[in-house]
Amino acid sequence: MKIGLIVGSLRKESWNKQVALTVKELFPDDVEANIIDISNVPLYNQDLDAEVPNENFRYIREEVKKYDGFIFFTPEYNRSYTPAIKNIIDVVSRDPEGSGFKKKPATVFSASIGGYGAMAANLALRQAFVYVDLIPMQQPEVYLSRVQDLFDDDKIMVEDTRNFLKKCVLSFVEHAKLII
């Protein structure tokens, strides 16, 4: 099984990227998990899909097709998920050859420096999954508040949160096995 990790914050020192790097280590040995780089994908424009599709569109669409399921990592921007994730959903789901997300399992791990753990972003993204035919994991839900306090000075996640995320990863693997 191959799981794609999609980080919606493009910031170099992104807390969500730190969470994704931790999560990548928590999968069982028989599951491959990789961060899918979305940083070079231009904003979706249907004109770029005309006669010769945009090379970056082609790359991300082919990359996504390699994975059996996805975990999206998002902070909260104005009570919603990031434009980078919205763009990837648009580019991949509007592939002229068919959506690379169709009937694949997905979940959201959201994190913020505030007290709500990007809950609004998490719920909004799960709503978007329904339309693009991703199959969301219902439970557990993952909202990490005050994420900056969940890592030590060396960017190592505290043990309690790491253990919580390990359980969530294993739940996602079981969810994915039911679908693929």
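In the stretch 22-46, what count of residues is obtained for those that are surrounded by fewer than 16 Cβ atoms within 10 Å (Cβ to Cβ) and either free of Cβ contacts under 8 Å to residues at least 24 places away in the same chain or not aliphatic (A, V, I, L, M) (or both)?
Total satisfying the criteria: 12.
Give the stretch 54-76 a look and list any residue that's under 15 Å from Lys17 (Cβ atoms) and not aliphatic (A, V, I, L, M), or say none.
Matches in the stretch 54-76: Phe72, Phe73, Thr74, Pro75.
Could you please find all residues in the stretch 1-13 being more than 13 Å from Ala84 (Cα to Cα) and either open to solvent by less than 10 Å² (accessible area, probe 1.4 Å) or in contact with a Gly (Cβ under 7 Å, 6 or more places away or on another chain) (or both)?
Across the stretch 1-13, the qualifying residues are Ile3, Gly4, Leu5.
Any residue in the stretch 122-140 that's part of a helix (DSSP H, G or I): show its pairings with residues that are open to solvent by less than 20 Å² (accessible area, probe 1.4 Å) and among the aliphatic types (A, V, I, L, M) at Cβ separation under 8 Å, as long as the two are six or more apart or on different chains.
Asn122/Val108; Asn122/Val142; Leu125/Ile85; Leu125/Val108; Arg126/Val108; Ala128/Ile89; Phe129/Ala106
Of all residues in the stretch 108-149 being under 17 Å from Asn87 (Cα atoms) and of a type outside the set (A, V, I, L, M), which is surrounded by the most Cβ atoms within 10 Å (Cβ to Cβ)?
Asn122
Looking at Gly69 and the list (1) under 19 Å from Gly117 (Cα atoms); (2) in contact with a Pro (Cβ under 7 Å, 6 or more places away or on another chain), which single condition is not satisfied?
(1)
Tally up the residues in the stretch 63-101 that are part of a loop (DSSP other than H, G, I, E, B) and either β-branched (Val, Ile, Thr) or crowded, with 20+ Cβ neighbours inside 10 Å (or both), please.
Residues that pass the stated criteria total 8.
So in the stretch 150-170, with the set limited to residues that are among the basic types (Lys, Arg) and part of a helix (DSSP H, G or I), which one is surrounded by the fewest Cβ atoms within 10 Å (Cβ to Cβ)?
Selected residue: Lys167.
Restricting attention to the stretch 21-29, does a residue exist that is of a type outside the set (Ser, Thr, Tyr), more than 20 Å from Pro96 (Cα to Cα) and assigned to a strand (DSSP E or B)?
Within the stretch 21-29, not a single residue is of a type outside the set (Ser, Thr, Tyr), more than 20 Å from Pro96 (Cα to Cα) and assigned to a strand (DSSP E or B).
The values are calculated or read from the model by the stated rules, or taken from the named source; none is laboratory data. Bear in mind the structure is a predicted one, so any value in this text is a computation, not a measurement. Neighbour counts are summed over all protein chains in view; Cβ atoms, including those assigned to glycine, are modelled from backbone coordinates with ideal geometry. Areas reflect the complete protein model, heavy atoms only, side chains present, ligands, DNA and RNA absent. Shrake-Rupley method; radii C 1.70, N 1.55, O 1.52, S 1.80 Å.
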